[in-house]
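Below is one structure; the comments refer to it alone.
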Amino acid sequence: MLLGVDGCRAGWLAIAAAAQGADVTVQLHADAPSLVATQGWQLMAIDIPIGLPERGSRACDQEARRLLGARRSSVFPAPIRAVLEAGSHQEACKISRQLQGKGISCQSFNILAKIRSIDQLLQVDKALAQRIHEVHPELIFQQWNSGTPMEHGKKTPQGKQERLQLVESEFPGAWCSIRGQYGRSAVADDDILDALAALHTARRLLNRQALQLPAPGATPFDACGLPMRISA
């Protein structure tokens, strides 16, 4: 069983499928421990930064922005490890400025708790890092779209439709079925699309077809031994 996972307002949206076929199942997890405790999964593709730098930007983020061109703003820098325990955006910016001369974005701070929760699990069980892979939905959709970035932002009706067209090509009916199970206050439309995109890349990873940034053999590791790598 493969999992495609995206963060959402209610926690984590996890969509599961076999290595082939259109059938999917879905679960909503309130926290990372319950997500990882899901029975039977072999490989997880998750939209969250994993390996974290001590200072500066990760090479994988820089490469992803370069490839995405007009959609580069969807890739914001992963926070440095030292800010994980910050309790406020102000505190996180203070720590970051002390170590690298600049603060962190609101987007990075808003997912800090989710980054920390996954990181804590990987610190306890390093073997999980062999099965949990960081992905980025916009990069996935670009690869899925024959290397061409999406024309419209994912929050727009046009952007939703162009991403849904790709999702339907592999998982027909899945988005509509999942949409009917959860309210938008818990799971947004793009959360479902992003989780299905992650599931698509989980299959590519299993089949050794996924794009990896940096290229295999050139992946740097953070101070805790976690890979700083994005797959798509």
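Every read-out reported here was derived from the displayed coordinates using simple, explicitly stated rules and does not represent laboratory data. Just so we're clear, the structure is a prediction, and the values are computed from it rather than from any experiment. Ideal geometry is used to build each Cβ from the backbone, glycine not excepted, and the neighbour counts take in all protein chains shown.
A few remarks follow.
- Multiplying the residue separation of Ser169 and Ser34 by 0.36 nm and removing their Cα-Cα distance gives an extension gain of 45.6 nm.
- Extension gain, Arg55 back to Gln42 (0.36 nm per residue minus Cα-Cα distance, nm): 1.4 nm
- Taking label positions 7 Å along the Cα-Cβ direction at both Ala10 and Ala215, the computed distance is 4.3 nm, reported to one decimal.
- Angle in degrees between helix 59-68 and the longest Cα principal axis of the chain, rounded to the nearest 10: 50 degrees
- A run of the chain free of exposed loop cleavage sites, with GluC sites (Glu not before Pro) counted only in DSSP states other than H, G, I, E and B and at most 12 other beta carbons within 10 Å, reaches its longest extent at 152-232.
- Classification of the stretch 51-148 by its C-alpha gyration tensor yields an oblate form. The axis ratio a/c (a ≥ b ≥ c) is 1.5 or more, and b/c is at least a/b.
- The chain shape via C-alpha gyration tensor axes, a/c threshold 1.5: rounded
- Mean separation of Cα contacts under 8 Å, 6 or more apart, over the residue count of the chain: relative contact order %: 30 percent
- Angle between the chain longest axis and helix 157-170 axis [Cα atoms, degrees, rounded to 10]: 70 degrees
- In terms of other Cβ atoms within 10 Å, Met150, Met44 run from fewest to most in the order Met150, Met44.
- In range of the label at Ala223: residues from the stretch 123-139 whose backbone nitrogen is under 17 Å from the point 7 Å along Cα→Cβ: 123-124
- The residues Asp191, Asp222, Asp125, when put in order of fewest to most other Cβ atoms within 10 Å, stand as Asp125, Asp222, Asp191.
- Rounded if a/c under 1.5, otherwise prolate or oblate - the stretch 1-108, Cα gyration tensor axes: prolate
- Exposure proxy ranking, count of Cβ atoms within 10 Å, fewest first, for Ser177, Ser88: Ser88, Ser177
- Computed E for Gln120/Ser88 - FRET, C-beta separation, R0 22 angstrom, nearest 0.05: 0.65
- Semi-axes of the equivalent ellipsoid of the stretch 1-44 are 18, 11, 7 Å, computed as sqrt(5λ) over the eigenvalues of the C-alpha gyration tensor in descending order.
- Using just its DSSP H runs of length 4 or more, each adding -39500 (n - 2.57), the chain gives a mean residue ellipticity at 222 nm of -11500 deg cm²/dmol after division by all residues.
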